[in-house]
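Have a look at the structure below, then the notes.
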Amino acid sequence: MGKVSATVPSPPSSPVTIVEQGLDVDNLSLNTWKPFYLTTLKPFEGSEKIPRADKVTTFHPQFLEEVLGGSDWSPGLKFVVGNSTCIIRNRTYYQFDAATEPYLPEAPGQHGAKLTAFFNKAPEEEHDLPEDVSSSEDVPMFVRQTDGRYAYFGNYTQSRWSDKLDYDSMMARVPQSIKEHWATELTSAVRPPWVTEELKKASA
């Protein structure tokens, strides 16, 4: 995710994440590896002036729910449905848990990537938004800290959909706890209907 203006990307037809080419499986490290595309991005200007996550004001999840509202639209993405007043112009924000997102920005203002099995369609495909805004641009991001509160990391733009993660990368790069998390999410009896439809497409 980088602060780059772009048109709304169309959701891909298959599970996606970012992939690095030419992997040397014998020298892989879960602690230092990051999706290749992130290594090509320049740091945000002035990012060195942004306070660390443990130095900024954090928010209780109930505060986010009461002030921002919104419902789960896509994994980690909240969308405020309706015509009520919303302090976020595109009615969209990220609410992530670093425990299940291994490639999030390491600190406010840094680049990061979303690891997911499926993306939902863009909210504006079903709901009205002002013509000059996009649900994938300039989106506030809140990341859960170890005390359960959320730190504001900045506003991010998803300017690029990534590639499918290959088998070797999935096995070597993705922590087992993350794979178990997604196995639980995808087999849940209360998963969103759109996820069920994506699973049907993937198994067809």
- request: Report the FRET efficiency, 1/(1 + (r/R0)^6), for Trp182 and Lys49, where r is their Cβ-Cβ distance and R0 is 41 Å, rounded to 0.05.
  value: 0.70
task: Express the relative contact order of region 32-203 as a whole percentage, based on alpha carbon pairs under 8 Å and six or more residues apart in sequence.
output: 22 percent
- request: Obtain the nm distance between the two label points defined at Thr146 and Ala189 by a simple spin-label model: each point lies 7 Å from its Cα along the Cα-to-C-beta direction.
  value: 3.7 nm
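All of the numbers you see were taken from the coordinates with simple rules; none came from a lab. Here the structure is a predicted model, which is why all the values come from computation and not from measurement. Reconstructed Cβ throughout: ideal geometry from the backbone, glycine too, with neighbour counts over all protein chains shown.
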